[in-house]
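The values are calculated or read from the model by the stated rules, or taken from the named source; none is laboratory data. Treat the numbers as computed from the prediction; the structure is a model and nothing was measured. Please note: Cβ atoms are built from the backbone with ideal geometry, for glycine as well, and neighbour counts cover all protein chains shown.
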Amino acid sequence: MKNNIIQIQEIDQNEKFLGNKTLNLKKCLDWGFNVPKFVAIPSYASNELYSNNILKKEIAQEANKILQCKKYAVRSSALIEDGENTSFAGQFTTKLNLSSDELIGGIDMVLKQANDFLQGELDKFSIIIQEYIVPEIFGVTFTRNPNGSREMIIEYGFCEGEKIVSGEMKPEKIFFFWNESNIRLPRQFLLNQIFEKFKDIENKNEFPQDIEWCIKDNQFYLLQTRPITTITQKQYEQICFLEKKLLKNQKYFFEKTEISEIVPRPTEFTLSLLKIIYSQSGPVKKVYEKYGVNFSDTNFLYILGNELFVNKEKEIQGLLPAYSYLQNKNFIPKLSNYLKIIPTIKNLFFLNKIRTNSYEQIFHKLKTKIETDNNEKDFQTALRIFLMDYELIFETNLLSDLAIKKLNFLLKNEAIKLPDILNESSFFIDLNKYKVVLPQKLEGNSLEISDESSFMFTVKTENQTSDKVARWWENISSFKKKILQEKIKEAIIYNQLREFGRWLTIKNITVIRTILLNLAENKKFNELKNIYFVDIKEVLENQIDEIICKKRKDSYDQYNKFCFPNSITSSFIQKKAEILGVSAGLAKGVLQKREYLDSEKGGNEKIILYTEILSPDLTKYFDKISGIVSENGGLLSHLAIVAREKSLPVIVGLSLSDGIFKLGDCVQIDGSNGKIEKI
């Protein structure tokens, strides 16, 4: 080391005096990346260098002698900069495109700004003097989206770097997943295989990286790299899991749907039950046959970790086999297989023929089944009863979905929205006529066999209306009233019947759970609840083995820390989120996740619960929150139905990954129209 200048070969023995930016560049050099040549000035020299102009001149001359460059860059390398938890990106000055004569001034300006920022503690600050490459293309790459999702983001421009990082110039942007093919990239990118270089940088650092780079004369230069501090280790583990699990060189589209809301993380037993429900001999097939629709079991249920997704391509081909999601770059259904056009047209014809005016018969069937005692002790009989009852449950859900869609369409241009109608149902109909006596000792709130939460229910029959609904109804024409009246009635009643269908589901699951726990006791299980990880076929064949169940449980539990995105596609698409209200009302509060409520940190503050999915178990937080914001969900989500009965405002379709809102923000939501704003 000469004149307080550390050359590349001296970095390792002086690393405690150098910032992470310097150390990261040295690592990248060792790994074989093309890094512009540089020297470093250690932190112990910075105080003297700041006040000693003679030393500045000596260091500038020595750096120029060592590097012998046409142009230079003087960069910060603070000891607190570019760390695992904080980057301090953009907080320190960088001086670019300096001649050898300008090098002294560049060092001086970088030191002066650092002295101000660090309040005189320059012993925490080191400097890099580096060859400046005048770029043809400059870019910044996030090897993963800083919000924690798995796509790579490249921002670049045909300009100098400072114009992009300072915001002076709007860069070009490319988003894509690591395993995508046929990505359209500039020729210079392809020549330098920069996509592979960025992946290599992340892999060698074993964490997502924020990389500055440039291209000059078709040569790639790595300028700096640092960890993306907004991504947690857990998020990165989740990304890595997806990269290993997802199919390579194949198209796919997986999504969390209404099925996922009912059973977000199915145990082995519940998954095998779902497969029977959607099988060729199951209740879903029978209901569709009743209405002339040919449904095929395409095995569309898909597990990632322990979360339930639907394979959208397989799902659509079960009803509309001529259509495909994968033939459209935005994963929108497209007519693609003309050999299957005839069965598709037939199914569309019969689906559109379904009428929703049978709610009285549906209600009486549900009432009878719910109020009839079921004390069955035999598993096979209990399963048969469940599957028979599920025909009615699925038919109720199918008809309620159609009724809601019809009314939603008719209200498209109205001042009143569907959640207002459903919340103020007593203005249009007396629901006291549609009452059911609730069975005793119900347990859980979903189809999941392991859901042992306290059963949550409510039925809204009181005569309570708002001026908003009454004024709207008074001001519309008699002709419009005639069109709307029956459709409103159907939607309100089916909304109620859908909740009764949930009751019937839970009644049957409660019976089956009791039988399973008794079987576990008879088999002398060490932990009775391990029985939830038995397959139905094993129960029917009396092949129950706690060791196998325990292995499945252990495998299942390791994925509890993951929460995957609602939609997973083989190629990146930028979707414009549509935020909808599903339970009317205004609510104010601080946006927080369920973990915050579980920790009991909130005290008396009003909380708006943020969740990825409207799962039924969220009902346990109703007395602690003033509203709900969910990434996923819809008007017919069971939780949305219960929320409407409780007059709890709910909106769906907002993701924190969009970067507009964050946990801790004080917000107001409007459950009628889906509006959310910071207050």
Test: Y596 is aromatic (F, W, Y) and either closer than 30 Å to L517 by Cβ or not in a helix (DSSP H, G or I) (or both) | no
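Can you tell me which residue among L223, L122, L191 is in the same structural domain as K56 (by TED's automatic domain parsing) and either surrounded by fewer than 17 Cβ atoms within 10 Å (Cβ to Cβ) or over 25 Å from the mean Cα position of the chain (by Cα) (or both)?
Values: L223 fails: in the same structural domain as K56 (by TED's automatic domain parsing); L191 fails: in the same structural domain as K56 (by TED's automatic domain parsing).
Being in the same structural domain as K56 (by TED's automatic domain parsing) and either surrounded by fewer than 17 Cβ atoms within 10 Å (Cβ to Cβ) or over 25 Å from the mean Cα position of the chain (by Cα) (or both) holds for just one of L223, L122, L191, which is L122.
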If we take region 240-331, then helices (runs of 4 or more DSSP H) inside it with 2 or more residues that are over 25 Å from N530 (Cβ atoms) are 258-262, 283-290, 312-319
Are any residues in region 283-303 touching a residue at least 12 places away in the same chain (Cβ under 8 Å) and surrounded by fewer than 19 Cβ atoms within 10 Å (Cβ to Cβ), and if so, which ones?
-> K286, K290, Y291, G292, N294, F295, S296, D297, T298, N299, Y302, I303
Would you check if there is a residue in region 382-389 being in contact (Cβ under 8 Å) with a residue 60 or more places away in the chain, among the small types (G, A, S) and more than 19 Å from R498 (Cβ to Cβ)?
-> yes
Quick one: in region 9-33, which of the residues that are buried (at least 16 other Cβ atoms within 10 Å of the Cβ) and among the polar types (S, T, N, Q) is farthest from W213 (Cα to Cα)?
-> N14
Within region 55-81, residues being without any contact (Cβ under 8 Å) to a residue 12 or more places away in the chain and closer than 23 Å to K124 by Cβ number 0
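So which of S454, S450, S425 is hydroxyl-bearing (S, T, Y), surrounded by 16 or more Cβ atoms within 10 Å (Cβ to Cβ) and either touching an Asp or Glu at 6+ places or on another chain (Cβ under 8 Å) or within 15 Å of Q485 (Cα to Cα) (or both)? First the steps, then the outcome.
Values: S454 fails: surrounded by 16 or more Cβ atoms within 10 Å (Cβ to Cβ); S450 fails: either touching an Asp or Glu at 6+ places or on another chain (Cβ under 8 Å) or within 15 Å of Q485 (Cα to Cα) (or both).
Criteria check complete, one pass: S425.
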Count of region 103-148 residues which are assigned to a loop (DSSP other than H, G, I, E, B) and either at positive phi or of a type in the set (F, W, Y) (or both) | 4
Residues being at pLDDT 80 or above and either assigned to a helix (DSSP H, G or I) or of a type in the set (V, I, T) (or both): count how many of those fall in region 630-640.
-> 2
Taking Q61 as meeting all but one of (1) farther than 20 Å from Y221 by Cα; (2) surrounded by 15 or more Cβ atoms within 10 Å (Cβ to Cβ); (3) modelled with pLDDT of 90 or more, write down the number of the exception.
-> (2)
Looking at this structure, is E414 outside the structural domain of I669 (by TED's automatic domain parsing), assigned to a helix (DSSP H, G or I) and either in contact with a Gly (Cβ under 8 Å, 6 or more places away or on another chain) or touching a residue at least 40 places away in the same chain (Cβ under 8 Å) (or both)?
-> no
